Each structure stands twice: as C-alpha cells, then as structure tokens.
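Take a look at the structure set out below.
The values are calculated or read from the model by the stated rules, or taken from the named source; none is laboratory data. Everything numeric here is computed off the predicted structure, so don't read it as measured data. We place every Cβ from the backbone using ideal geometry, glycine too, and count neighbours over all the protein chains shown. Please note that ligands, DNA and RNA were not included when accessible areas were found on the heavy atoms of the full protein model with its side chains. Shrake-Rupley method; radii C 1.70, N 1.55, O 1.52, S 1.80 Å.
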Amino acid sequence: MLLQGSRLNDVSVMGLQTGTELARTTRPIINPDTLEILAYEVRGPLLDMHPSLLRVIDVREFSDIGLIVDSSDEFIATTDVIKLEKVYELNFILVGMSVVDQHKRKLGKVTDFTLESGSFVIQQLNVKRPLLKSLGDTELLINRTQIIEITNRAIVVRSGEKKLEPIIEAVRTNYVNPFRSQSPTPEHIDKN
C-alpha cells in the first residue's frame, strides 16, 4: 500500500503489550543512497534515551491509531546499529530539498513523498513548482526511476524534454522532393 510520507509525521507509536502510546514519531531517518526509510526518530516521556529511534523492521503494522510495535524494547539509541548511526549523522532531510533537472534547471522543492508501507521505500517525490512555473502546473510527481543523483544541495532528475533541433535539421538537409526536380527525368524526355 502506498502512503504519503506526511501521514507518518507526529504519529503515535503504540505498544502491543500495554495498548498505550509509547512515543510519537518526529522525523524519518532516510538513507539518501537508496531512498529507504530505515527508522523514525521518536520522542516521548517514557523513553530512556534521547534521541531514540524506532527501526521500521520493528514495526508490526501501520493502522489508524498509528505505528504498532511489540513493546518499548523496540526503541534503540542512535549508536546501537552502526549503519543506522552513519545515516543518522548525515542528517538527510528530504522535504525542502531543491529538485533540478540534468540541465541544472530548477524544477521546485520537495513538499512530500509517497512510500511503500511494506518496505518503507520512497517511490515518488511531490515537488512544488516555483512561482513563475506554477502557472501551468503547481506540483510535479517525480518517480524514483527518474532520479539520477542526490547531492547535499539538490536532487537531480532526468529531463522530460529531448532536443529535436539537430534531428530536424538533418532531415531538412537530406530530404529531396522528387516532384520539384529541376532536370527532366528519362521517363519524361520527348522522343519526337
């Protein structure tokens, strides 16, 4: 099932054992290399460590009441998992990043994203257009397959347009119209 990433901001994390709210999500921890959410940073009065993380593999399910986990034992410190610690230290925040095409033209800024709820992999980016370009279309949806590179400053995507001018010019110079021929062809020579 596809979900808007904003639906998982400030969401309750419920414990299956107690049936109570254990914490609330604050931000996703996103691996910029794979656009995969590895964990959520959480806050709450019942947490022993600050900051605390909830790995997405420890989430049993997502429902109307929030993310459901077995117990408060699922919360970890940032230093508990080395790979997660490195991604956490990157402090990669997707929402608000600039999006440019491969020709360095600004397309807009990321306002939200769509993710697959089973794998927590980001599938699409919602991009709000700049003011002048928003007259035609106010928002773009960028599929993950269109992304070429993610830098510290921007997300680079493939351009949707292709330059056809060289192809058209080549067609114009190589095309010969047989009906506008200046010299007569052998079939039209008068034999009288």
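Across the stretch 147-153, coupling constants 3J(HN,Hα) worked out from phi with the 6.51/-1.76/1.60 Karplus curve, θ = phi - 60°, read 7, 8, 7, 10, 10, 5, 9 Hz, and Gly and Pro carry x.
Report residue 50's accessible area, 1.4 Å probe, all protein chains in place, as a number in Å² to the nearest 10. Answer for residue 50: close to 140 Å² accessible.
Could you tell me which residue out of 117, 35, 102 lies farthest along the dipole of the stretch 4-133 toward its positive end? Charges go on the beta carbon: Lys and Arg +1, Asp and Glu -1, centred on the Cα centre. The residue sitting farthest along the positive end of the dipole is 102. Backbone amide hydrogens, once placed in the peptide plane, bring residue 159 within less than 5 Å of 102, excluding anything fewer than 5 places away on its chain. Under 5 Å between amide hydrogens, built in the peptide plane, is the criterion, and for residue 113 it picks out 5, 6, 126 among residues at least 5 positions away or on other chains. Taking θ as phi - 60° and the Karplus parameters 6.51, -1.76 and 1.60, the scalar couplings of the stretch 106-118 work out to 6, 9, x, 10, 6, 9, 6, 8, 10, 10, 7, 5, x Hz in sequence order, x denoting glycine and proline. Inter-part distance, the stretch 137-153 to the stretch 36-99, computed on C-alpha centroids, equals 24 Å.
Sparsely packed loop sites in the stretch 1-84 (the chymotrypsin sites (Phe, Trp or Tyr not before Pro) outside DSSP H, G, I, E and B with at most 12 other Cβ atoms within 10 Å) do not occur. In this structure residue 1 has an accessible area near 130 Å², from a 1.4 Å probe over the protein heavy atoms.
With +1 on the Cβ of every Lys and Arg and -1 on the Cβ of every Asp and Glu, and nothing else charged, how large is the dipole of the stretch 1-156 about its Cα centre, in debye rounded to the nearest 20? Could you put the intermediate results ahead of the total?
On the way: 17 positive and 21 negative charges, 204 e Å.
For the stretch 1-156, the charge dipole is close to 980 debye.
Listed values for the stretch 3-18 are Karplus-derived 3J(HN,Hα) couplings in whole Hz (6.51 cos²θ - 1.76 cosθ + 1.60, θ = phi - 60°), namely 10, 6, x, 5, 5, 9, 8, 6, 9, 5, 10, 9, x, 5, 5, 9, and x replaces Gly and Pro.
Net charge within 10 Å of residue 121 by Cβ-Cβ distance, Lys/Arg positive one each and Asp/Glu negative one each, not counting residue 121 itself?
Working: positive: 144; negative: 36, 116.
So the surrounding residues net to -1.
Could you work out the local net charge near residue 58, counting Lys and Arg as +1, Asp and Glu as -1, over the other residues with Cβ closer than 13 Å to its Cβ? Before the final figure, lay out each step's value.
Values: positive: 55, 60; negative: 61, 70, 73, 74, 80.
Here the count lands on -3.
Among 145, 20, the order of accessible area from largest down is 145, 20, computed with a 1.4 Å probe on protein heavy atoms.
Please give the net charge around residue 31, taking every other residue with its beta carbon less than 10 angstrom from that of residue 31, where Lys and Arg add +1 and Asp and Glu add -1.
Charge balance near residue 31 sits at 0.
Take residue 86: with every protein chain present and a 1.4 Å probe, its accessible area is about 130 Å².
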